[in-house]
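The values are calculated or read from the model by the stated rules, or taken from the named source; none is laboratory data. On a predicted model such as this, the values are computed, not experimentally measured, just so you know. Neighbour counts are summed over all protein chains in view; Cβ atoms, including those assigned to glycine, are modelled from backbone coordinates with ideal geometry.
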Amino acid sequence: MTLEKGLATFLNALSGKNRSSATIRAYQTDISQFIAFLHENNVSINTPSDVEKVDIVEYLSALAKRELTGVARARKISAIREYFRFLEGLGIIAKSPTTGIETPKREKNGRQVLRSDEYTKMLSLAGANPRDYAILQVFLQTGIRVSELAHLKIEDIDFIKPSITVRGKGRVVREIALEKKGVHALRSYLLVRGVDSTSERVFLNYQGEPISERGIRKLVVKYRKEAGITKKASLRWDQPCLDTRFLS
């Protein structure tokens, strides 16, 4: 059984337990990103049995280097732990590689997160604007930095896999899977973006030029306020608990 087949079986089991669609999507996103990391960093890994404890430790380290919060990393390891626990219960693997892995601690600086109903309201408000809706969807699904989103190029989008290629700090390149809503949002935006535009960047401002990091921050602050969210918010988002540090 491949890692992807194991994930499909796990998600089907969650559906059979009447877990919410939001919960299932969150598991799918977190585990898919972990599987993508494994394939990118260890070509010898193809099945759940190939995954070792060291692979998970390296993944958590990579997430820390990307500056994901302890809350986000804790959620991801929780999803991975449930995935392998499920496979262990089916007898597909002898022992979960997450055994002995400690859950990352939460930060002590009082960072807040957006609830699912809060970011859902923001998405609803942005629904009439294809560009804004696509920006919010990409953030919700990938948790990439503002700078990374601002510099995302059309050639970085793969609608077949589907995924986006992100070029981060230190010239680190990583591929992040996209869900159907993210794919649809990007397709819809690109259809109305303007065929005459020669810019290689995905997201443009109203002058047809690449949108700036400041422009993205202003955009999200706008929807946060329109949604009636008074807490300080952040663009270091990680679905479903969105870290809310730097938006205000």
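A few points about this structure:
- Screening region 64-84 for residues that are of a type in the set (D, E, K, R) and surrounded by fewer than 15 Cβ atoms within 10 Å (Cβ to Cβ) and picking the one that is nearest to Arg115 (Cα to Cα) gives Glu67.
- Arg131 being touching an Asp or Glu at 6+ places or on another chain (Cβ under 8 Å) and either modelled with pLDDT of 95 or more or not aromatic (Phe, Trp, Tyr) (or both): no
- Count of residues meeting criterion [farther than 24 Å from Lys65 by Cβ and over 11 Å from the mean Cα position of the chain (by Cα)] in region 137-156: 2
- Filtered by the rule that a residue be within 20 Å of Arg214 (Cβ to Cβ) and surrounded by 19 or more Cβ atoms within 10 Å (Cβ to Cβ), region 152-165 gives a lone residue, Leu152.
- Filtering Ala8, Ala36 for residues that are in contact with a strand residue (DSSP E or B) (Cβ under 8 Å, 6 or more places away or on another chain) and surrounded by fewer than 20 Cβ atoms within 10 Å (Cβ to Cβ) leaves a single hit, Ala36.
- Residues of region 112-157 satisfying the condition of being free of Cβ contacts under 8 Å to residues at least 60 places away in the same chain and touching a Gly at 6+ places or on another chain (Cβ under 7 Å): Tyr133, Gln137, Val138, Glu148
- Boolean, Thr23 is among the hydroxyl-bearing types (Ser, Thr, Tyr), touching a Phe, Trp or Tyr at 6+ places or on another chain (Cβ under 9 Å), surrounded by fewer than 18 Cβ atoms within 10 Å (Cβ to Cβ) and outside the structural domain of Lys180 (by TED's automatic domain parsing): no
- Checked against (1) farther than 19 Å from Gly143 by Cβ; (2) modelled with pLDDT of 85 or more, Lys108 passes all but a single condition, namely (2).
- So Ile135, is it outside any helix (DSSP H, G or I) and of a type outside the set (Gly, Ala, Ser): no
- Per this entry, Leu140 is not counted among residues that are at pLDDT 90 or above, surrounded by 15 or more Cβ atoms within 10 Å (Cβ to Cβ), in contact with a Phe, Trp or Tyr (Cβ under 9 Å, 6 or more places away or on another chain) and not assigned by TED's automatic domain parsing to the domain that holds Asp55.
- Under the condition of being touching a residue at least 24 places away in the same chain (Cβ under 8 Å) and either surrounded by 15 or more Cβ atoms within 10 Å (Cβ to Cβ) or hydroxyl-bearing (Ser, Thr, Tyr) (or both), the residues counted in region 39-49 number 5.
- Which numbered condition Ser61 fails, given (1) crowded, with 21+ Cβ neighbours inside 10 Å; (2) more than 15 Å from the chain's Cα centre (by Cα); (3) among the polar types (S, T, N, Q): (1)
Residues are listed down the side, and each one gets a yes or a no for (1) assigned by TED's automatic domain parsing to the domain that holds Gln33; (2) farther than 19 Å from Ala134 by Cβ; (3) hydrophobic (A, V, I, L, M, F, W, C); (4) at pLDDT below 85:
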site	(1), (2), (3), (4)
Lys169	no, yes, no, yes
Leu191	no, no, yes, no
Gly208	no, no, no, no
Ser212	no, no, no, no
Arg217	no, no, no, no
Tyr223	no, no, no, no
